[in-house]
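Take a look at the structure below.
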Amino acid sequence: MYICRNRSAMIERSLEANIRKALFKGKAIVLLGPRQSGKTTLVKKIVNDFEDRAITLDADDPTVQQLLIRPNTMQLKQIIGNKSVVFIDEAQRIKDIGITSKIIVDQFSGLQLILSGSSAFDLNQQTNEPLTGRKISFYLYPVSWQEWQNHTGYLQADQDIENRLVYGFYPDILNSADDSKILLRELTDSYLYKDILMFGNIKKPEDIRKLLQALAFQVGSEVSLRELGEIVGLDPKTIDRYISILEKAYVIFKLNPLSRNLRNEIKTNRKIYFYDNGIRNAIIGQLQPVSIRQDIGQLWENFIISERVKFLSYNTQFANNYFWRTAQQQEIDYIEEIDGKFNAYEIKWNSKKQSLFSKTFTNTYKPDACTVINRQNFKAFLSNS
């Protein structure tokens with residue numbers, strides 16, 4: 001997919017090649033991700049290559065919704081005709097879309113069905129059982145560092161890093177840098193909160209706002225459901241449910257503690273990160289430049305870990321992600337386990353700041369490498385270049 005930055009430049013999305021490889025393999029393609037991350041634009045770019053052999057159905061249109069509610073095979077043949085590709089956008093809005101999709105996959109040989117949706121809540125729920133063994137799922141996040149660097153070039157991306165730490169990587173933000181603050185406010189208020197409240201059946205908007213603010217202020221720190229409940233005024237069980245909703249809406253993700261060997265390892269608390277720095281900063285109303293901020297350590301850690309998650313996903317590298325801490329305050333910021341082997345990382349904005357890796361950790365888990373990720377060396381950690 002391509003995104004206009006200054007109406008003459010485009011950003012190519014890494015996921016495009018992976019989706020193209022999955023075409024016409026006898027399975028539906030399901031593209032998930034947050035609103036405004038570029039899903040529709042990406043699929044339309046792929047679909048446009050098939051010209052008049054493709055049909056796009058926008059499920060925001062009530063007429064399309066009615067057409068696709070439990071149609072029989074004959075009705076589907078009338079809708080699809082002789083098309084080779086069917087793209088249903090915002091597919092979660094169609095009742096029983098999973099059953100309709102199963103009929104299309106089973107009855108229309110040689111046809112490629114593509115579904116996209118902003119709500120993992122509904123789309124996954126509706127398609128998981130009917131499309132078991134019949135779908136391939138992809139996840140599109142806001143623009144990644146690797147995509148941005150490929151687009152702007154090494155030097156310009158490096159010069160832009162402080163802006164990205166503050167404003168993030170949503171396509172609209174990259175397209176209209178001068179309006180970043182206004183667009184971020186619109187993104188959080190009109191899309192983020194709206195979707196969460198609607199799909200999560202949350203009756204008190206203020207509760208989710210308070211929780212998001214509490215999580216934003218505690219980025220990089222362990223969070224306790226009980227303590228969050230005290231801040232927001234809700235019981236831990238409700239806090240846990242709300243966090244799960246925020247994960248499914250692609251707003252936040254969790255790091256679990258690594259705890260396998262030692263009695264004094266932290267086992268219960270989690271760390272919460274945001275998929276996009278700009279969203280995190282907009283939630284707490286802090287969009288001032290990096291040079292005058294007190295939370296640069298949190299911004300940097302959230303940026304590095306969220307971008308690493310994107311990098312691993314787009315490059316189909318499967319890793320278990322953790323942090324590690326003991327009751328004696330020994331800590332490792334970020335750990336990856338790939339094929340049973342560990343790599344440990346400390347994340348520091350200041351390249352002059354040294355980090356000593358706990359001997360307790362290295363003796364217990366015997367990591368392949370212990371690396372400090374800082375301002376000078378982070379690019380190799382987040383890109384293939």
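Here are the numbers for this structure:
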item: The chain - percent relative contact order, Cα under 8 Å, separation 6 or more; result: 14
item: DSSP bridge orientation in the chain - percent antiparallel, rounded to nearest 5; result: 40
item: Cα-projected label distance for Ser244 with Arg209, points at 7 Å along beta-carbon direction, nm; result: 2.6
item: Lysines whose Cα lies under 16 Å from that of Lys45, excluding same-chain neighbours fewer than 8 positions away; result: Lys21
item: Residue-wise HN-Hα coupling along the range 184-197, computed from phi with Karplus coefficients 6.51, -1.76, 1.60 (Hz; x: Gly, Pro); result: 5, 5, 5, 4, 6, 6, 7, 9, 4, 5, 4, 5, 4, 5
item: Gyration tensor (Cα) of the range 15-139, equivalent ellipsoid semi-axes in angstrom; result: 18, 17, 15
item: Long-range amide H partners of Tyr139 with built H, under 5 Å; result: Leu32
item: Three-way shape label, the range 154-298, alpha-carbon gyration tensor, a/c 1.5; result: oblate
item: GNM flexibility winner over the chain from Gln92, Gln328, Gln146 (Cα, springs under 10 Å); result: Gln328
item: Qualifying lysines (Cα of each under 24 Å from Cα of Lys194; at least 8 residues distant if same chain); result: Lys39, Lys95, Lys181, Lys203, Lys204, Lys210, Lys237, Lys248, Lys254
item: Helix 236-248 vs. the chain, principal-axis angle (Cα, 0 to 90°, nearest 10); result: 60
item: Spacing of the two label points (7 Å from each Cα toward its C-beta) at Gln125 and Tyr154, in nm; result: 4.9
item: Cα-based helix-to-principal-axis angle, 205-217 vs the chain, degrees rounded to 10; result: 50
item: Top of Ile338, Ile296, Ile173 by mean-square fluctuation, Gaussian network on the chain, Cα under 10 Å; result: Ile338
item: The chain - convex hull of the alpha-carbon atoms, volume per residue in Å³; result: 156
item: Shape of the range 111-225, Cα gyration tensor, a/c cut at 1.5; result: oblate
item: For the chain, calculated [θ]222 nm from helices alone, where every DSSP H run of n ≥ 4 adds -39500 (n - 2.57); result: -11500 deg cm²/dmol
item: Residue-wise HN-Hα coupling along the range 68-84, computed from phi with Karplus coefficients 6.51, -1.76, 1.60 (Hz; x: Gly, Pro); result: 9, 7, 6, x, 8, 4, 5, 5, 5, 4, 5, 6, 7, x, 9, 6, 9
item: ³J(HN,Hα) computed for each position of the range 146-161 - Karplus, 6.51 cos²θ - 1.76 cosθ + 1.60, integer Hz, glycine/proline x; result: 4, 5, 5, 5, 4, 6, 8, x, 4, 5, 5, 4, 4, 5, 8, 4
item: For Met10, Met74, order by how many other beta-carbon atoms lie within 10 Å, fewest first; result: Met74, Met10
item: Net charge over other residues, Cβ less than 11 angstrom from the Cβ of Trp349 (K, R count +1; D, E count -1); result: +2
item: Under-5 Å amide H pairs with Ile347, H placed in peptide plane, nonlocal only; result: Asp333, Ile373
item: Extension gain (nm, one decimal) between Ile284 and Lys341, 0.36 nm per residue minus Cα-Cα; result: 16.8 nm
item: Hydrodynamic radius of the range 232-295 per Kirkwood, over alpha carbon pairs, in Å; result: 14.3
item: The chain: most fluctuating residue of Leu115, Leu123, Leu234 per GNM, C-alpha cutoff 10 Å; result: Leu234
item: Linear extension gain, Lys352 paired with Gln329, 0.36 nm per residue minus alpha-carbon span; result: 6.0 nm
item: Virtual spin-label span in nm between Glu12 and Glu230, 7 Å along Cα→Cβ; result: 5.3
item: Folded to 0 to 90 degrees: helix 97-107 orientation relative to the chain principal axis, Cα; result: 60
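Any read-out appearing in this document is the output of simple, stated calculations on the displayed coordinates, not a laboratory observation. Nothing here was measured: the structure is a model prediction, and the numbers come from that model. Here Cβ is always computed from backbone atoms with ideal geometry, including for glycine, and neighbour counts include all displayed protein chains.
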